[in-house]
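What follows is a single structure, written as C-alpha coordinates, with notes after it.
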(Lines give C-alpha, C1' and ligand atoms only; values in the text may rest on other atoms or scores of the structure.)
Protein backbone atom coordinates (compact mmCIF):
# COMPACT_ATOMS: atom_id res chain seq x y z
CA UNK A 1 0.00 0.00 0.00
CA UNK A 2 2.81 2.43 0.89
CA UNK A 3 4.72 1.37 -2.23
CA UNK A 4 1.64 2.19 -4.31
CA UNK A 5 1.39 5.59 -2.63
CA UNK A 6 5.05 6.24 -3.36
CA UNK A 7 4.54 5.45 -7.03
CA UNK A 8 1.47 7.72 -7.18
CA UNK A 9 3.42 10.47 -5.39
CA UNK A 10 6.31 9.96 -7.82
CA UNK A 11 3.94 10.14 -10.79
CA UNK A 12 2.23 13.30 -9.45
CA UNK A 13 5.49 15.05 -8.55
CA UNK A 14 7.20 14.05 -11.80
CA UNK A 15 10.28 12.93 -9.89
CA UNK A 16 11.92 9.55 -10.16
CA UNK A 17 12.89 8.27 -6.76
CA UNK A 18 14.81 5.07 -6.26
CA UNK A 19 14.99 3.88 -2.69
CA UNK A 20 16.16 0.63 -1.21
CA UNK A 21 13.05 0.48 0.95
CA UNK A 22 9.55 1.96 0.63
CA UNK A 23 9.04 5.42 2.05
CA UNK A 24 6.72 6.09 4.94
CA UNK A 25 4.03 8.71 4.64
CA UNK A 26 6.07 10.93 6.99
CA UNK A 27 9.07 10.70 4.67
CA UNK A 28 6.88 11.58 1.68
CA UNK A 29 5.46 14.57 3.53
CA UNK A 30 8.95 15.74 4.47
CA UNK A 31 10.26 15.34 0.93
CA UNK A 32 7.28 17.20 -0.56
CA UNK A 33 7.60 20.10 1.87
CA UNK A 34 11.35 20.40 1.21
CA UNK A 35 11.03 20.37 -2.60
CA UNK A 36 7.79 22.26 -3.18
CA UNK A 37 7.83 25.24 -5.56
CA UNK A 38 5.41 27.20 -3.38
CA UNK A 39 7.69 26.73 -0.38
CA UNK A 40 10.62 27.98 -2.45
CA UNK A 41 8.60 31.03 -3.48
CA UNK A 42 7.88 31.74 0.19
CA UNK A 43 11.58 31.37 0.97
CA UNK A 44 12.43 33.86 -1.80
CA UNK A 45 9.91 36.29 -0.32
CA UNK A 46 11.58 35.76 3.07
CA UNK A 47 14.96 36.53 1.50
CA UNK A 48 13.51 39.76 0.07
CA UNK A 49 12.21 40.69 3.53
CA UNK A 50 15.65 40.05 5.02
CA UNK A 51 17.23 42.29 2.37
CA UNK A 52 14.71 45.02 3.17
CA UNK A 53 15.60 44.69 6.85
CA UNK A 54 19.30 45.06 6.06
CA UNK A 55 18.51 48.13 3.96
CA UNK A 56 16.44 49.60 6.81
CA UNK A 57 19.36 49.08 9.21
CA UNK A 58 21.70 50.73 6.71
CA UNK A 59 19.47 53.81 6.61
CA UNK A 60 20.72 54.67 10.11
CA UNK A 61 24.31 54.95 8.88
CA UNK A 62 25.68 58.19 7.44
CA UNK A 63 25.78 58.51 3.68
CA UNK A 64 29.13 59.24 2.08
CA UNK A 65 29.68 60.58 -1.42
CA UNK A 66 33.02 61.02 -3.15
CA UNK A 67 34.03 62.18 -6.61
CA UNK A 68 37.13 62.80 -8.66
CA UNK A 69 37.18 64.91 -11.81
CA UNK A 70 39.83 65.83 -14.31
CA UNK A 71 40.03 68.12 -17.30
CA UNK A 72 42.75 68.58 -19.88
CA UNK A 73 42.90 71.71 -22.06
CA UNK A 74 45.34 72.21 -24.88
CA UNK A 75 45.75 74.68 -27.70
CA UNK A 76 47.74 77.68 -28.93
CA UNK A 77 48.09 81.02 -27.28
CA UNK A 78 50.06 84.20 -27.94
CA UNK A 79 52.93 84.91 -25.61
CA UNK A 80 52.55 88.61 -24.71
CA UNK A 81 56.28 89.10 -24.07
CA UNK A 82 57.59 87.65 -27.34
CA UNK A 83 54.46 88.05 -29.46
CA UNK A 84 54.79 84.47 -30.76
CA UNK A 85 52.55 81.43 -30.64
CA UNK A 86 53.07 78.94 -27.88
CA UNK A 87 51.50 75.52 -27.34
CA UNK A 88 49.65 75.44 -24.03
CA UNK A 89 48.32 72.40 -22.20
CA UNK A 90 46.64 72.71 -18.85
CA UNK A 91 45.48 69.97 -16.50
CA UNK A 92 42.75 70.69 -14.00
CA UNK A 93 41.67 68.15 -11.40
CA UNK A 94 39.25 68.23 -8.53
CA UNK A 95 38.44 66.02 -5.59
CA UNK A 96 35.34 66.03 -3.41
CA UNK A 97 34.17 64.10 -0.39
CA UNK A 98 30.83 64.66 1.26
CA UNK A 99 29.15 62.97 4.21
CA UNK A 100 25.70 63.51 5.64
CA UNK A 101 23.78 62.18 8.60
CA UNK A 102 20.09 62.70 9.10
CA UNK A 103 19.43 63.86 12.63
CA UNK A 104 15.63 63.53 12.75
CA UNK A 105 13.17 62.40 10.11
CA UNK A 106 10.01 62.02 12.12
CA UNK A 107 10.90 58.44 13.14
CA UNK A 108 10.49 57.30 9.54
CA UNK A 109 13.64 55.16 9.54
CA UNK A 110 12.76 53.62 12.89
CA UNK A 111 9.27 52.72 11.67
CA UNK A 112 10.71 51.25 8.45
CA UNK A 113 13.00 49.05 10.55
CA UNK A 114 10.08 47.90 12.69
CA UNK A 115 8.08 47.10 9.55
CA UNK A 116 11.01 45.20 8.04
CA UNK A 117 11.39 43.13 11.23
CA UNK A 118 7.67 42.34 11.17
CA UNK A 119 7.90 41.33 7.49
CA UNK A 120 10.76 38.94 8.28
CA UNK A 121 8.71 37.37 11.07
CA UNK A 122 5.69 37.05 8.78
CA UNK A 123 7.92 35.55 6.07
CA UNK A 124 9.19 32.91 8.49
CA UNK A 125 5.67 31.97 9.53
CA UNK A 126 4.62 31.97 5.86
CA UNK A 127 7.34 29.44 5.02
CA UNK A 128 6.28 27.27 7.95
CA UNK A 129 2.61 27.52 6.97
CA UNK A 130 3.35 26.61 3.35
CA UNK A 131 5.43 23.60 4.41
CA UNK A 132 2.58 22.46 6.65
CA UNK A 133 0.07 22.97 3.83
CA UNK A 134 2.11 20.88 1.40
CA UNK A 135 2.55 18.14 4.00
CA UNK A 136 -1.21 18.11 4.66
CA UNK A 137 -1.93 17.82 0.95
CA UNK A 138 0.38 14.80 0.72
CA UNK A 139 -1.24 13.24 3.78
CA UNK A 140 -4.71 13.86 2.31
CA UNK A 141 -3.65 12.17 -0.92
CA UNK A 142 -2.39 9.23 1.13
CA UNK A 143 -5.67 9.00 3.04
CA UNK A 144 -7.64 9.16 -0.22
CA UNK A 145 -5.52 6.29 -1.54
CA UNK A 146 -6.09 4.22 1.61
CA UNK A 147 -9.84 4.89 1.40
CA UNK A 148 -9.98 3.90 -2.26
CA UNK A 149 -8.03 0.71 -1.59
CA UNK A 150 -10.44 -0.11 1.23
CA UNK A 151 -13.44 0.56 -0.99
CA UNK A 152 -12.02 -1.69 -3.71
CA UNK A 153 -11.34 -4.40 -1.12
CA UNK A 154 -14.94 -4.13 0.14
CA UNK A 155 -16.38 -4.59 -3.34
CA UNK A 156 -14.20 -7.62 -4.12
- Within segment 89-113, can you find the residues that are without any contact (Cβ under 8 Å) to a residue 24 or more places away in the chain and surrounded by 12 or more Cβ atoms within 10 Å (Cβ to Cβ)? 110, 111
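The rows are residues; the columns are (1) assigned to a loop (DSSP other than H, G, I, E, B); (2) surrounded by fewer than 10 Cβ atoms within 10 Å (Cβ to Cβ); (3) modelled with pLDDT of 95 or more; (4) more than 45 Å from the chain's Cα centre (by Cα).
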| site | (1), (2), (3), (4) |
| --- | --- |
| 55 | no, no, yes, no |
| 67 | no, yes, yes, no |
| 81 | yes, yes, no, yes |
| 85 | no, no, no, yes |
- Message: Take residue 142 and tell me if it is farther than 30 Å from residue 24 by Cα and either out of contact with any strand residue (DSSP E or B) (no Cβ under 7 Å at 6 or more places or on another chain) or outside any helix (DSSP H, G or I) (or both).
- Response: no
- Taking interchain pairs and intrachain pairs at least six residues apart, which have beta carbon atoms under 7 angstrom, with the first residue in segment 60-78 and within 30 Å of residue 107 (Cα to Cα) and the second surrounded by 10 or more Cβ atoms within 10 Å (Cβ to Cβ)? 60/109
- Answer from 150, 123 - the residue that is surrounded by 10 or more Cβ atoms within 10 Å (Cβ to Cβ), touching a helix residue (DSSP H, G or I) at 6+ places or on another chain (Cβ under 7 Å) and either assigned to a helix (DSSP H, G or I) or free of Cβ contacts under 8 Å to residues at least 60 places away in the same chain (or both): 123
- If residue 155 passes every condition in (1) over 30 Å from residue 62 (Cα atoms); (2) in contact (Cβ under 8 Å) with a residue 40 or more places away in the chain but one, which one does it miss? (2)
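The values are calculated or read from the model by the stated rules, or taken from the named source; none is laboratory data. Not measured: the values here are computed from a predicted model. Note that each Cβ is placed from the backbone with ideal geometry, even for glycine, and that neighbours are counted across all protein chains shown.
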